[in-house]
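Below is one structure; the comments refer to it alone.
Throughout, read-outs are computed from the coordinates displayed, never taken from laboratory work. Note that the structure is a prediction, hence the values are computed from the model and not measured. Note that each Cβ is placed from the backbone with ideal geometry, even for glycine, and that neighbours are counted across all protein chains shown.
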Amino acid sequence: MQRIWAVLLLVGVLAAPVANAQGDSENYTEGGPEQQAAIAVIQNQIDALSRSDGAAAYSYAAPIIKQKFRSAEMFMTMVRQGYGILIDPAGVEYLDLRTMAGDLMQAVRVLGRDGVSKILIYQMQLQEDGIWKIAGVYMTEDRRPQV
């Protein structure tokens with residue numbers, strides 16, 4: 001997992017938005033209510049993708065994503081092209097939780113129908129209304145030995 005977080009740190013430094021007003025002072029614990037809320041949002045989006053419900057999947061995206069992909073159709077095109085493994089995964093496993101600049105970074109192992117698994121790091125941002133939204137997803141190879 002250390003290698004994944006090193007990649008995440010590099011990607012995060014290059015791609016993460018400027019820290020929010022809360023900074024790094026939040027101390028979210030693994031398995032705590034924040035992680036449970038983040039996992040619920042991620043799972044709801046994956047479920048919507050599996051049902052081909054682009055509008056529902058798009059609703060879990062943070063404003064920064066909605067600025068880049070101005071409609072559910074544009075969003076779904078991006079998902080199909082870059083994150084197809086999320087459309088109908090064979091399995092999903094929630095891993096480590098970290099924080100970066102006040103955001104939650106939730107690691108998820110996703111198994112594709114082809115038997116290949118990937119690690120996805122979901123960047124979750126807390127919105128003013130208290131709801132967590134997905135602000136980015138970074139995908140990398142799963143280096144775990146296959147059985």
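Listed by Cβ neighbour count within 10 Å, with the fewest neighbours leading, Phe75, Phe69 appear as Phe69, Phe75. In terms of the mean number of neighbouring beta-carbon atoms within 10 Å, the peptides 49-57, 104-112 order highest first as 104-112, 49-57. Normalised by the number of residues in region 39-133, the average gap of Cα pairs under 8 Å and 6 or more apart makes the relative contact order 22 percent.
What is the extension gain from Asp114 to Ser52, computed as 0.36 nm multiplied by their sequence separation minus the C-alpha to C-alpha distance, in nm to one decimal? Walk me through the numbers before you get to the answer.
On the way: separation 62, 0.36 × 62 = 22.32 nm, distance 1.92 nm.
Using 0.36 nm per residue and subtracting the Cα-Cα distance, I get 20.4 nm.
What does the convex hull of the Cα atoms come to per residue for region 66-113, in Å³?
91
Placing R0 at 30 angstrom, the Cβ-Cβ distance between Glu128 and Arg80 gives a FRET efficiency of 0.45 after rounding to 0.05. For region 36-94, a/c is not less than 1.5, where a ≥ b ≥ c are the root eigenvalues of the C-alpha gyration tensor, and a/b does not top b/c. That puts it in the oblate class.
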